[in-house]
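Rule-based calculations on the coordinates, nothing more; no lab input. Only a predicted model underlies this, so the values are computations on that prediction, with no experimental measurement involved. Because the Cβ atoms are built from the backbone with ideal geometry, glycine has one as well, and the counts that use them run over all protein chains shown.
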Amino acid sequence: MSGQDWLEKDFYAVLGVAKDADQATIKKAYRKLARTMHPDHNPGDAAAEAKFKEVGEAYAVLSDPEQRQQYDQLRAMAGGARFRAGAGGAGGGGGANGGFEDLFGGVFTGAGSGGSRVRFPQGGAPGGAGGGGGFEDILGGLFGGGGGFGQTRGQQRRGADLAAVTTLPFRQAVEGSTVALGVEGRTVKARIPAGVRDGQKIRLRGKGRPGEHGAPAGDLEVTVRVTPHPVFTLDGNNLRRTLPVAFDEAALGAEVAVPTLDGGTVRLKIPAGTPSGRTLRVKGRGVTTASGTGDLLVTVQVVVPQRLSAAAKEAVQAFGIATSGEDPRADLLARAKE
């Protein structure tokens, strides 16, 4: 970035923050804008891409306390600068050399000079010869080198942290997956661990913006979105699912086949008298992570037939008569009186 950019661009306005904003506010504003303007979310939108780069430039300066201080000082001193084009360039040169006046009049005016101003030639060597240093050389020397304001030649600066979002199908989230992410024009491969939850953030060290002059790269924070599964849900390292069972299976007990996430089945014993809503556990059929392997939690759902044949209706009526001495709501009524 050139020194002229520091004069022409209002980095605070670019990020939409006040000039006295703290670092947390600046970082929050940058992340929000970078996420909105990222090329991955605006494919083919040249204006969004240009805005994304502009936001990155602004954050690079304002997130560095030293650069921010120098940027503020420069713009404050340059606020009243006047530019004059003419033939009276410093050094006695003729031709069409323009003058750059009053930029740092207060800084370079001697105590006994009576307020005389120093003029800085924009182009041309002493005596009016072509070439030579100009605006960049004058201010670059003031702020530590010819690499632009506030940036010492060869200065190392860690790369900025970046953010990305990826969406995984439920099965991939449970089993773990490697994904390719588009990050500022390059592809970054990220390993998503098994058992990742929807909304979980994963920090990839050194996968953010590259550092300057060999400095370490920043980090990449990946937010994972997980597509819901029609049958299974994730509960820590455990998998949950609902299992429909017939009334006679729940009442008399049974052994049934339960589908698992890997496409197979597992045999599950339903104890006699199992009520609807009870959860049974199948050991070791959950998610395997670094912390261990979870279980499959099966919640029983007793299915009530919508239509009964004559024989089935007669059998249910007989069952009702046989159990007429039992009131399933007796305890409920008693507790309601407490």
Per-residue Cβ neighbour rank within 10 angstrom, fewest leading, E326, E314, E54: E326, E314, E54
Starting with the highest mean, order 256-262, 43-49, 67-73 by the number of other Cβ atoms within 10 Å, averaged over the residues of each peptide. 67-73, 256-262, 43-49
Cβ-Cβ FRET estimate between A257 and D72, R0 fixed at 51 Å, reported to 0.05: 0.10
Could you tell me the center-to-center distance, by alpha carbons, between segment 173-244 and segment 35-52 in angstrom? 22 Å
Set the bar at 22 Å for Cα to Cα. Now go through K51/K201; K32/K207; K27/K189; K19/K207; K28/K189; K9/K207 and name every pair that lies beyond it. K51/K201; K27/K189; K19/K207; K28/K189; K9/K207
Taking M77, M37 and counting other C-beta atoms within 10 Å, the order from fewest to most: M77, M37
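Counting Lys and Arg as +1 and Asp and Glu as -1, what is the net charge of the other residues whose Cβ lies under 13 Å from the Cβ of D20? Intermediate results must be reported in sequence, preceding the final value.
Numbers: positive: K19, R68; negative: D22, D72.
Net of charged neighbours comes to 0.
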